[in-house]
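Undergrad: There's a structure below that I have some questions on.
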Amino acid sequence: DPNTPKHQFRWNFVVDLPVGNGKKLLSNANGVLDKIVGGWQIAGLGNIRTSYWTLPTDIYPTAGKNVEVYGYKYPIQDCRSGVCYPGYLWWNGYIPANRINSVDANGRPNGVMGVPTDFKPAAQPLIPAGSTALPPNAPANMVVSQFWDTNSVWIPLSNGTVQRVIFNDNLHPWRNQYMPGVVQWFQDASLFKFIKITEQMSLRVNVDFFNVFNHPNNPTEIGGDGVLLTRNSGSAARVTQVGLRLIW
């Protein structure tokens with residue numbers, strides 16, 4: 001299950017802050033000052049975990065190249081939408097040849113920029129972009145470019161006609177194959193104290209920080225093109241919550 005991390009390490013802690021009467025800092029504080037600065041504690045919990053991504057089953061390992069996982073080795077810019085977004089070439093998935101480090105007629109990037117010059121995909125569609133050879137059984141007048149980046153095949157029928165279908169034998173060699181992905185870590189923390197008002201009444205003050213370091217993490221989604229986009233965060237931004245509890 002790609003949603004279940006292979007490795008996950010959790011931790012938690014509680015720390016008394018050394019501030020206030022009798023403590024290392026402001027040890028002579030008394031009265032109102034000690035009620036303000038003394039008695040604070042910090043508690044927290046966090047975890048670090050690995051993730052998986054699934055090898056695609058809509059492209060086929062026919063390119064004579066093994067799967068290579070690069071991780072963060074190759075930062076890229078994905079400009080295929082007309083706007084360039086940052087990311088990483090996580091593995092050698094399929095990027096159409098005409099979109100590798102490509103630019104338009106005006107010299108503006110319109111492909112995946114930063115791909116290494118010796119890049120070769122580990123798999124590709126049955127009719128990859130740039131193909132000129134006529135597929136078996138295809139009509140002689142067929143324009144091959146109309147079927148670039150598809151898994152179209154032409155099947156001869158018993159009545160002498162030919163039918164175009166999308167190839168899928170449900171026996172893809174990469175089915176149910178998972179690869180190591182992005183490592184994420186998370187940390188929450190709370191700052192809290194009890195203020196004694198009377199013998200039988202006290203006030204609990206706490207400030208909770210979810211994602212205390214505002215660490216964005218990277219997403220875990222890695223596409224069949226091998227690209228990990230970092231346009232969006234892999235975790236929510238920091239949330240601060242303040243609470244008061246009167247206890248009697």
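The values are calculated or read from the model by the stated rules, or taken from the named source; none is laboratory data. Note that this is a predicted model, so its numbers are computed, not measured. Glycine gets a Cβ as well: all are built from the backbone with ideal geometry, and neighbour counts include every protein chain shown.
Undergrad: Right, ALA129: in a loop (DSSP other than H, G, I, E, B), touching a Ser or Thr at 6+ places or on another chain (Cβ under 9 Å) and surrounded by 13 or more Cβ atoms within 10 Å (Cβ to Cβ) or not? It would help to see each step written out before you state the result.
TA: Values: in a loop (DSSP other than H, G, I, E, B): yes; touching a Ser or Thr at 6+ places or on another chain (Cβ under 9 Å): yes; surrounded by 13 or more Cβ atoms within 10 Å (Cβ to Cβ): yes.
So ALA129 fits the description; yes.
Undergrad: Okay, moving on. Which of the residues spanning segment 185-233 are of a type in the set (Gly, Ala, Ser), crowded, with 16+ Cβ neighbours inside 10 Å and within 25 Å of LYS35 (Cβ to Cβ)?
TA: ALA189, SER190
Undergrad: Tell me the residue from LYS6, LYS23, LYS73 that is outside any strand (DSSP E or B), in contact with a Ser or Thr (Cβ under 7 Å, 6 or more places away or on another chain) and charged (D, E, K, R), please. Talk me through it step by step, then tell me what you get.
TA: Details: LYS23 fails: in contact with a Ser or Thr (Cβ under 7 Å, 6 or more places away or on another chain); LYS73 fails: in contact with a Ser or Thr (Cβ under 7 Å, 6 or more places away or on another chain).
Every option except LYS6 fails the conditions.
Undergrad: Only residues that are closer than 27 Å to GLN8 by Cβ and either among the small types (Gly, Ala, Ser) or without any contact (Cβ under 8 Å) to a residue 24 or more places away in the chain (or both): list them for segment 45-69, please.
TA: Those that are closer than 27 Å to GLN8 by Cβ and either among the small types (Gly, Ala, Ser) or without any contact (Cβ under 8 Å) to a residue 24 or more places away in the chain (or both): GLY46, SER51.
Undergrad: Please give the number of the condition TYR94 fails out of (1) in a loop (DSSP other than H, G, I, E, B); (2) more than 29 Å from VAL162 (Cβ to Cβ).
TA: Exception for TYR94: condition (2).
Undergrad: So which of TRP11, TRP40 ends up being touching a strand residue (DSSP E or B) at 6+ places or on another chain (Cβ under 9 Å), surrounded by 16 or more Cβ atoms within 10 Å (Cβ to Cβ) and aromatic (Phe, Trp, Tyr)?
TA: On the way: TRP11 fails: surrounded by 16 or more Cβ atoms within 10 Å (Cβ to Cβ).
Going through TRP11, TRP40 in turn, the sole match is TRP40.
Undergrad: Within segment 43-56, count every residue that is surrounded by fewer than 17 Cβ atoms within 10 Å (Cβ to Cβ) and assigned to a loop (DSSP other than H, G, I, E, B).
TA: 1
Undergrad: Kindly check whether there is at least one residue in segment 83-104 that is at pLDDT 95 or above, out of contact with any strand residue (DSSP E or B) (no Cβ under 7 Å at 6 or more places or on another chain) and β-branched (Val, Ile, Thr).
TA: yes
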